[in-house]
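Novice: My structure is below; once you've seen it, I'll send some questions.
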Amino acid sequence: MVEALITTTVPVAGQPDCPDWDGGRKVTVIPKTLTLYYRPGHLGAARAEVTGPWKPSRPGIHYDSPGNMTVLFYDTDPERWPTWVRDLEAQYQPQVA
């Protein structure tokens, strides 16, 4: 049986950029929204997604960059989560019964 996740999406414009990799290219995502996925009855988010427009991380490099990109953070790799994402994860934690 698949467990349904509780999903919360919040606007996060103005938060620090998130570095990520797109294939072999290092890129930076400029956060616009944060989506948090919680397992019912568990403390902490199972996954977080930071979505926004992206740009190359190295100065002087230009790519055609239409649209948005999403950086994924999983609870199996908590050291990788930016502090501001962890702070919002705690703030929006659903009540655990």
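Novice: Local charge sum around V10 (other residues, Cβ-Cβ under 15 Å, Lys/Arg +1, Asp/Glu -1)?
Specialist: Working: positive: K32, R47, R86; negative: E49, D87, E89.
Summing Lys/Arg as +1 and Asp/Glu as -1 gives 0.
Novice: Put a dot 7 Å past each Cα toward the Cβ at V10 and Y92; how far apart are the dots in nm?
Specialist: 0.7 nm
Novice: Positive end of the charge dipole of the chain (Lys, Arg +1 and Asp, Glu -1 on Cβ, about the Cα centre): tell me which of G14, P78, L36 has its Cα farthest that way.
Specialist: In the chain, that residue is G14.
Novice: If we count every other residue with Cβ under 11 angstrom of W81's Cβ, Lys/Arg +1 and Asp/Glu -1, where does the sum land? Could you put the intermediate results ahead of the total?
Specialist: On the way: positive: R47, R80, R86; negative: D75, D77, E79, D87, E89.
Within the 11 Å Cβ shell, the charges total -2.
Novice: Just to compare against my own numbers: the Cα pair-distance distribution for the chain, 10 Å bins, whole % per bin, please.
Specialist: 15, 45, 28, 10, 2, 0
Novice: Give me the 1.4 Å probe accessible area per residue for the chain, excluding ligands and nucleic acids, in Å².
Specialist: Accessible area per residue, the chain: 63 Å².
Novice: Okay, moving on. Determine the distance separating the Cα centre of segment 12-51 from the Cα centre of segment 76-97; give it in Å without decimals.
Specialist: Result: 11 Å between the Cα centres.
Novice: In what sequence, highest mean first, do 73-80, 37-44, 48-55 appear when ranked by Cβ atoms within 10 angstrom?
Specialist: Numbers: 73-80: 11.5, 37-44: 13.9, 48-55: 19.2.
Output ranking for 73-80, 37-44, 48-55: 48-55, 37-44, 73-80.
Novice: Full-extension gain between R25 and L72, please, as 0.36 nm times their residue separation minus the C-alpha to C-alpha distance. List each step's numbers first, then the result.
Specialist: Details: separation 47, 0.36 × 47 = 16.92 nm, distance 1.62 nm.
Length gained between R25 and L72: 15.3 nm.
Novice: May I pose another question? Could you look at the chain and say what percent of its accessible area is carbon and sulfur, using a 1.4 Å probe and all protein chains? Don't skip to the answer; put the middle values down first.
Specialist: Working: 3300 of 6120 Å².
Carbon-and-sulfur percentage of accessible area, whole number: 54.
Novice: Given +1 on the Cβ of Lys and Arg, -1 on the Cβ of Asp and Glu, and no further charges, what dipole in debye does the chain carry about its Cα centre, rounded to the nearest 20? Could the numbers behind the result be given before it?
Specialist: Numbers: 9 positive and 11 negative charges, 43 e Å.
Dipole of the chain, to the nearest 20 debye: 200 debye.
The values are calculated or read from the model by the stated rules, or taken from the named source; none is laboratory data. Keep in mind the model is a prediction, meaning the values are calculated, not measured. No Cβ is skipped: glycine too gets one built from the backbone with ideal geometry, and neighbour counts run over all protein chains shown. Only protein heavy atoms, including side chains, enter the accessible area calculation; ligands, DNA and RNA are left aside. Shrake-Rupley method; radii C 1.70, N 1.55, O 1.52, S 1.80 Å.
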